[in-house]
Every structure is written in C-alpha cells, then in structure tokens.
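The values are calculated or read from the model by the stated rules, or taken from the named source; none is laboratory data. Worth saying up front: this structure is predicted, and the values here are computed from it rather than measured.
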Amino acid sequence: MSLFFIIIKNQKVYKYNNYINYNKYNKYKMETTTIALEKSVKKQVQEFGMKGETFSQIIERLLESANQRLLQDVLMNEEGCISIDEAIKEADKKWPK
C-alpha cells in the first residue's frame with residue numbers, strides 16, 4: 001500500500017509518498033476532527049471560501065471576522081455611556097478640588 005501526502009508549510013510543498021515517511025508527516029500534521037454539517041450549511045461555508053482554501057481556513061477566517069465584529073459592537077455600543085463633559089462634571093462633584 002502506498003500513501004501519498006502533500007503538505008504545504010511556509011509556502012513550501014513537501015511530498016510524502018510512502019509509509020516510511022508517514023512519521024515525518026505526523027510531525028507537521030495538525031490535530032484534526034470531523035464535524036457533521038448539513039449539506040446546506042456545507043454549501044454556505046463553501047460559498048465564503050476562496051479558491052484553494054480548506055474548510056478549516058474558511059471557518060477560521062469567518063470566526064476572526066465575527067470576533068472583530070463583536071469587539072466593534074462592544075466598543076461602539078453607547079448604552080450606559082455618558083459624554084466626557086458629563087463625566088468631568090460628575091468627577092468634580094465627587095472629588096472637589
């Protein structure tokens with residue numbers, strides 16, 4: 001039985017085509033898992049991908065984008081905020097000079 005692996009690391013391509021080199025491949029292999037997706041969800045994820053991207057890369061990019069959006073929402077949320085002038089007035093009342 002012949003195994004064939006192609007690994008791209010730091011924009012270099014490594015080819016392993018037999019079982020003896022499998023241990024070398026394992027050093028570079030990320031820990032992976034299998035997840036179940038509905039076909040419609042899989043198709044939606046694929047639509048976000050760019051040519052040559054793996055599902056892992058697509059999902060990682062989507063999560064990064066979602067995290068940035070959440071941070072932006074938190075930072076730009078004005079609920080419970082007061083203006084700087086109001087804050088200065090309150091501080092002056094609490095701690096008079």
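General remarks:
- Scanning region 49-97 for residues that are part of a helix (DSSP H, G or I) and polar (S, T, N, Q) yields S56, Q57, S65, N67, Q68, Q72.
- Applying the condition of being at pLDDT below 90 and of a type in the set (S, T, N, Q) to region 59-94 and asking which residue is nearest to L37 (Cα to Cα) yields Q72.
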